[in-house]
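**Q** For reference, the structure I am asking about is given below.
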Amino acid sequence: MKTSTAPVEYLFDSDVRRLLHPHLPASITDRVIMVEGKGCRLVDSNGRSYLDATGGLWLAQIGHGREEMAEVAAAQMRKLEYFTCFWDFSNDQAIQLAERLAALAPPQIEQVFFTSGGSEGNDAAIKTARFFHYVKGEPKRTWILSRRTAYHGLAYGGGTATGYDDLAEGQGPHLPHVTHLTPPHPYRSSLFVGQDPTDFLVNELEDRIREIGPDNIAAMIGEPIMGVGGMVVPPADYWPRVQQVLRRHGILLIADEVVTAFGRTGSWFASPDVGMEPDIIVTAKGLTSGYIPLGAVLVSDRIGNAVRGFGDGYPVGYTYSGHPVACAIALKNLEIIEHDGLLAAARRTGDFMYQLAAPLASELDIVGEVRHAGMGLAFELVTDSLTRQALPQPNGSIADVIREETGVIVRVSSPTNLVLSPPLVMTQEQAATAVTAVASVLRRARSDGGLA
């Protein structure tokens, strides 16, 4: 792979001066400037090669640098680069992608609204849920139920639903009528001691609904499997029982599948695998494998017909909704995922990766638990395995060491987990390299977060 022709010093100085980076403490002045990628490999501006075990941010399903994606984009740009999908305007690529998504989605899902990404999608889903109840004559239904350690983006609505206080600090009043429940993470909660976790969580849900008033609640939003929270797979009876409560009270269910959809867990959608039958599904990331920004909010006919049939129509819209180039890229991306058998590959390689990683939970006192679903793997880091006291990683220090020493890119998440979410095209040899790199550094880690 080639490297950038721009001077490295110029890129570095300009980045530090001009770019605002999400979640980057001012104390960190270093930069890793990527200039090229192919498959699961990346190259930075200094010519160093890395193994991408994060997929950027949970995406890159089909890998980096696929020529056929560039060809599809160029062909569509020559034909029609953009026109709006507001009002009665549309385009052939948006229509074809909507049909494809409806065919792949769970059977209750029939209609599609396009966004530019997951944060927009979660905002749109919250607005849609509230508007649906308004249209149905229940305007008091405005409350949204979410969960602590949930991640629903950092826009206004989804950012309020996100369950991390530090991500909301210093930003003034947030979206009203949002409340957070306990997440289904048995390892990390002492609340479940001596009782069944799902019993506790369902009782808490019932209590919160009574407290707020069932006629005041629009929807509950939740990830089928909590990705940023550390690949937290809920107990098998969690979502079915939660859903029973919601239905009994007329509360909609929004599945945030921004991370999990399009193969990350080994299925097109994770919702059915965990017993969810959502009214609304939010997607992005793997929809285009990151080749261009695009998201899709999928809804049932009951929701779609109601919100499109009231007054002047559906009151949610973004400039790039149904962007024809983005939709053409998504169609090609979904074709590649299917043609290359990447759902099965995610399950096969993900299981292999987990089998290599799981023994570290008993081998190393610093690893409390290893969790996985498809091509998502998390190491829960603790000060020791008996107390389960969390081991925070300020500024992603262990991940930084892994990258610098081994050239493998992983991430800190939640913030006590090391997470791997590689492209679905990762080979077993590359997966073994990634797990070995993590293990080599964790074997030297101390309970204070330092390295021996």
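The values are calculated or read from the model by the stated rules, or taken from the named source; none is laboratory data. On a predicted model such as this, the values are computed, not experimentally measured, just so you know. Please note: Cβ atoms are built from the backbone with ideal geometry, for glycine as well, and neighbour counts cover all protein chains shown. Calculation scope for accessible area: heavy atoms of the full protein, side chains included, ligands and nucleic acids excluded. Shrake-Rupley method; radii C 1.70, N 1.55, O 1.52, S 1.80 Å.
**Q** Please find, within segment 155-172, the residue that is nearest to A284 (Cα to Cα) out of those that are open to solvent by 30 Å² or more (accessible area, probe 1.4 Å) and not in a loop (DSSP other than H, G, I, E, B).
**A** Across segment 155-172, the extreme among qualifying residues is Y156.
**Q** Quick test for you: out of L391, L424, L418, L377, pick the one residue that is open to solvent by less than 30 Å² (accessible area, probe 1.4 Å), free of Cβ contacts under 8 Å to residues at least 60 places away in the same chain and within 18 Å of G227 (Cβ to Cβ). Let's see the steps before the verdict.
**A** Working: L391 fails: within 18 Å of G227 (Cβ to Cβ); L424 fails: free of Cβ contacts under 8 Å to residues at least 60 places away in the same chain; L377 fails: free of Cβ contacts under 8 Å to residues at least 60 places away in the same chain.
Answer to the check: L418.
Residue-by-condition table, conditions (1) modelled with pLDDT under 95; (2) part of a loop (DSSP other than H, G, I, E, B); (3) surrounded by fewer than 23 Cβ atoms within 10 Å (Cβ to Cβ):
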| site | (1), (2), (3) |
| --- | --- |
| H174 | yes, yes, yes |
| L191 | yes, no, yes |
| N203 | no, no, yes |
| R210 | no, no, yes |
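**Q** For residues in segment 310-324 being open to solvent by 50 Å² or more (accessible area, probe 1.4 Å) and free of Cβ contacts under 8 Å to residues at least 12 places away in the same chain, which is farthest from Y134 (Cα to Cα)?
**A** D312
**Q** Is there any pair linking a residue in segment 338-355 that is within 18 Å of D273 (Cβ to Cβ) to one that is of a type outside the set (S, T, Y) and open to solvent by 50 Å² or more (accessible area, probe 1.4 Å), with Cβ under 9 Å and at least six apart or on different chains, and which?
**A** Every condition considered, the pairs that remain are R348/Q428; T349/Q428.
**Q** Considering (1) of a type in the set (D, E, K, R); (2) farther than 30 Å from S385 by Cβ; (3) at pLDDT 95 or above, say which one R371 fails and leave the rest.
**A** All conditions pass for R371, except number (2).
**Q** Between residues in segment 14-33 that are farther than 21 Å from A168 by Cα and residues that are open to solvent by less than 60 Å² (accessible area, probe 1.4 Å) and in a loop (DSSP other than H, G, I, E, B), which pairs lie under 6 Å by C-beta distance while being six or more apart or on different chains?
**A** D15/R31; I33/S45
**Q** Tell me, please, whether a residue that is of a type outside the set (G, A, S), free of Cβ contacts under 8 Å to residues at least 24 places away in the same chain and open to solvent by less than 20 Å² (accessible area, probe 1.4 Å) can be found in segment 146-153.
**A** Scanning segment 146-153 turns up no residue that is of a type outside the set (G, A, S), free of Cβ contacts under 8 Å to residues at least 24 places away in the same chain and open to solvent by less than 20 Å² (accessible area, probe 1.4 Å).
**Q** So which residues in segment 1-23 are open to solvent by less than 100 Å² (accessible area, probe 1.4 Å) and either modelled with pLDDT under 90 or touching a strand residue (DSSP E or B) at 6+ places or on another chain (Cβ under 6 Å) (or both)?
**A** The answer is T3, S4, A6, P7, V8.
**Q** Do we find that I126 is aliphatic (A, V, I, L, M), open to solvent by 60 Å² or more (accessible area, probe 1.4 Å) and in a helix (DSSP H, G or I) in this structure? Explain how you work it out, then say what you get.
**A** Details: aliphatic (A, V, I, L, M): yes; open to solvent by 60 Å² or more (accessible area, probe 1.4 Å): no; in a helix (DSSP H, G or I): yes.
Taking the combined requirement at face value, the residue does not satisfy it.
**Q** Which pairs have Cβ atoms under 7 Å, sit 6 or more apart or on different chains, and link a residue in segment 247-261 that is open to solvent by 10 Å² or more (accessible area, probe 1.4 Å) to one that is among the hydroxyl-bearing types (S, T, Y) and in a strand (DSSP E or B)?
**A** What qualifies is V258/T283.
Yes/no per residue for (1) among the aliphatic types (A, V, I, L, M); (2) in contact with a helix residue (DSSP H, G or I) (Cβ under 6 Å, 6 or more places away or on another chain); (3) part of a helix (DSSP H, G or I); (4) closer than 23 Å to A124 by Cα:
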| position | (1), (2), (3), (4) |
| --- | --- |
| A219 | yes, yes, no, yes |
| P235 | no, yes, no, no |
| Q244 | no, no, yes, no |
| A255 | yes, no, no, yes |
| V258 | yes, yes, no, yes |
| F262 | no, yes, no, yes |
